[in-house]
Amino acid sequence: MSNAPDHFAAVVLPDGVQKLTYERDVKVENAGTLTIEREDHTLGNLVRMQLLRDPRVTDAAAPYLPTDAIATALRDLNAEINLIADKLDAALDAAATTMDDHGQYR
Amino acid sequence: MQMQYVRDRVQLDSVTLGRHDMRFILRNTDVSMANAIRRTMIAEVPTMAIDVVTIHENTSVLHDEYIAHRVGLIPLASGAADAYTYNRDCEECEDFCSRCSVGYSLTVHNSTEDDVPVTSKDLIPAADSAVAAAPPGDPVVPVHDSGDVLRDAVAAAAGTPGAGLLTSAADAAAKGILIVKLGKGQRLSFTAVAKKGIGKEHAKWSPVCTVAFRAEPPAVRFVLPRLNELLDETAKADLLSLALGVVAIDDNGNLYYDSPFLAGRSAITADAVRRAGELAAAAGGAESEIVEFCEHPERFEFEVETTGVLAPKEVLTRAIGVLRDKVTTVAAHLAQVSQEGVDDPPLL
């Protein structure tokens, strides 16, 4: 009917497109460009902030490959999310007070 | 490698649950995690919503597209959404089947003299459809009462707290969600198909009305004791004019934080900071003495309100699951890419 893209085009990886590509920097050994397809700054900013927490990333002299840095960041994020999930389970068990419908509007 | 950069002191507590609302506090983490959780709840938790509407007859005042759009926005109970596959991925069918979609039909003819409202109540699961495929006890059916109706009911019943609320909720549920009003002799008849999707595709798949979080401590704060010491009455009044809702003046002429600021509904503007700096400088102080900045908030007070398609705790639980899947998927792809990289020629 029209040339509008499918509304799931923002979500589903098109045929032949890699979810993730990594290109090493031509000149600097410790640098590279990682491109993640069909993700937004929900994940992007999460990974960025986690990378900045790694002193080997912020130290320009450290011999540290970007792929290793990102792998570490993702692994640590996974650990944190698992922790949050555990805490949520415990917190839901402990949720004694039950709000009335739209209590905050009273 | 040990996990040395994990924020292992992360904490989630103070959960308060309502029927459509939830509040909780996330601690000892940073804005990126709080925001990722917020964004995932809004846009990436799968739910069911009507996506295809085939109009058979429409003599109402609204045109077909308008009605299709309104029907798409009706919230459908989505507890079973995870049991469905995405229609675009479904291998069982060319078109629609019980694994990937739920069918509905609606036929209303106004043979009365009055206007007849057509609502979500008139949406009937199609006989041959997939409602049977939904897990028992959790069918994908319209959620008839919306939060807004409840909120209005609360305001209306303000005189008698609590009273009338449940009846209003029941009333709202009994009335259903209005699609269109039919005049005398008008007809509306269509079939509709609900599919699984996420809020990123279209807002109708978003399970929440709002998710908001407030970072504590706020990014900018006044040092009130110092301000009170420095400023005279006129200067305080001057500052107050630029910081309404942030500060107020008490009976002793001292500035204190006003409730909207303490509740996180107002913030200190750049203008107010500048004015406070000028006033402090004029009184012999310095801007650096009277303003505090917080670069790394560590407490995030969340408020979630759902559309009714999922229980709020379910939205949060699923959002955390989605976020975890996202991270593990990317990590798996990265491992693959790094593995391939080993064979690349070394850098010169």
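The values are calculated or read from the model by the stated rules, or taken from the named source; none is laboratory data. Note that this is a predicted model, so its numbers are computed, not measured. Here Cβ is always computed from backbone atoms with ideal geometry, including for glycine, and neighbour counts include all displayed protein chains.
A few notes on this one:
- Wholly within the stretch B:198-311, helices (runs of 4 or more DSSP H) carrying at least 1 residues that are among the charged types (D, E, K, R): B:224-230, B:233-242, B:270-282, B:287-290
- Residues of the stretch B:56-82 that turn out to be within 23 Å of the chain's Cα centre (by Cα), away from chain A (no Cβ under 14 Å) and outside any loop (DSSP other than H, G, I, E, B), as a count: 5
- Where B:Ile25 falls short, out of the listed (1) among the hydrophobic types (A, V, I, L, M, F, W, C); (2) surrounded by 19 or more Cβ atoms within 10 Å (Cβ to Cβ); (3) within 14 Å of chain A (Cβ to nearest Cβ): (2)
- Scope the stretch B:105-141; condition over 15 Å from B:Ala81 (Cβ atoms) and modelled with pLDDT under 75; matching residues: B:Ala127, B:Asp128, B:Ser129, B:Ala132, B:Pro136
- Note on the stretch A:29-47: residues that are more than 9 Å from chain B (Cβ to nearest Cβ) and over 14 Å from A:Ile70 (Cβ atoms) total 2.
- Matching residues in the stretch B:11-51 - criterion: being part of a helix (DSSP H, G or I) and within 17 Å of the chain's Cα centre (by Cα): B:Met33, B:Ala34, B:Asn35, B:Ala36, B:Ile37, B:Arg38, B:Arg39, B:Thr40, B:Met41, B:Ile42, B:Ala43
- The set of residues in the stretch B:180-237 being among the acidic types (Asp, Glu) and surrounded by fewer than 16 Cβ atoms within 10 Å (Cβ to Cβ) consists of B:Glu216, B:Glu229, B:Asp232, B:Glu233.
- Number of the exception - B:Ser105 against (1) touching a residue at least 40 places away in the same chain (Cβ under 8 Å); (2) facing another protein chain (nearest Cβ under 10 Å): (2)
- Residues of the stretch B:99-116 classified as crowded, with 17+ Cβ neighbours inside 10 Å and in a strand (DSSP E or B), total: 8
- Scanning the stretch B:84-95 for residues that are part of a loop (DSSP other than H, G, I, E, B) and surrounded by 20 or more Cβ atoms within 10 Å (Cβ to Cβ) turns up just one, B:Tyr84.
- Looking only at the stretch A:11-27, and only at residues there that are more than 18 Å from B:Ser338 (Cβ to Cβ) and either of a type in the set (Ser, Thr, Tyr) or exposed (fewer than 13 other Cβ atoms within 10 Å of the Cβ) (or both), the one that is farthest from the other protein chains (Cβ to nearest Cβ): A:Gly16
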